[in-house]
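The structure appears right after this line, and notes come after that.
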Amino acid sequence: MRFKRQEAFRYQFGQPLPCAFRIVRVDHKEIESDKGEAEIHDISPRGMRIKTSLDIPPRPREIQIEVTFMLNDVEFSFIGTLVWQRKANGEYYYGLQLLLSFQQEEILVREIKRYAVLHNSRQRSSI
């Protein structure tokens, strides 16, 4: 069996992580849209899945967005390309391919691991 995702891991948030986003490029034209609100449902060094109430058809144009969020006490701001869209219950889910440097990937992985440890220990202590 083959999998599309050729990556080390993908972290799924039990409670979606709030984020803000804005469109920064459509095809080869830079733009500056207003910010929208979204939630990150899962993330990896290569991509993320977000949910928002805004309809942004990703095809046939190439759309890049900037996503800003806090993970632990670290603020992240990444550029990603929309690769798919699905609608469910009046909300839109998007798959983003992140455009990260090696250093950004390392910091993100470190903070995801730290978040997972903190989150898992909080869940155990509340049981």
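The values are calculated or read from the model by the stated rules, or taken from the named source; none is laboratory data. All values reported here derive from a predicted model rather than from experimental measurement. Using ideal geometry, Cβ is built from the backbone for each residue, glycine included, and neighbour counts are taken over all protein chains shown.
For the reader, a short list of remarks on this structure follows.
- Residue within the stretch 10-22 that is over 11 Å from the mean Cα position of the chain (by Cα) and part of a helix (DSSP H, G or I) present: no
- When V83, V26 are screened for being farther than 28 Å from H119 by Cβ, surrounded by 13 or more Cβ atoms within 10 Å (Cβ to Cβ), more than 11 Å from the chain's Cα centre (by Cα) and of a type outside the set (D, E, K, R), only V26 passes.
- Filter pass, K51 being more than 21 Å from K29 (Cβ to Cβ), loosely packed, with under 12 Cβ neighbours inside 10 Å and of a type in the set (K, R): no
- Counted as qualifying within the stretch 37-126 are the strands (runs of 3 or more DSSP E) with 3 or more residues that are more than 16 Å from Q15 (Cα to Cα), namely 63-71, 74-88, 91-98.
- Condition met for K35 (farther than 19 Å from A88 by Cβ and modelled with pLDDT under 95): no
- Contact map, the stretch 69-90: first residue closer than 18 Å to G36 by Cβ, second residue surrounded by 15 or more Cβ atoms within 10 Å (Cβ to Cβ) and among the charged types (D, E, K, R), Cβ cut-off under 6 Å, separation 6 or more or different chains; pairs are I79/E66.
- Among residues of the stretch 91-118, those that are β-branched (V, I, T) and without any contact (Cβ under 8 Å) to a residue 24 or more places away in the chain, counted: 1
- Residue selected from the stretch 38-65 under the condition basic (K, R) and within 15 Å of the chain's Cα centre (by Cα), by the criterion modelled with the lowest pLDDT: R46
For (1) of a type in the set (S, T, Y); (2) loosely packed, with under 14 Cβ neighbours inside 10 Å, each residue gets a yes or a no:
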residue: Y11; (1), (2): yes, no
residue: G14; (1), (2): no, yes
residue: F21; (1), (2): no, no
residue: K35; (1), (2): no, yes
residue: G47; (1), (2): no, no
residue: L100; (1), (2): no, no
residue: Q104; (1), (2): no, no
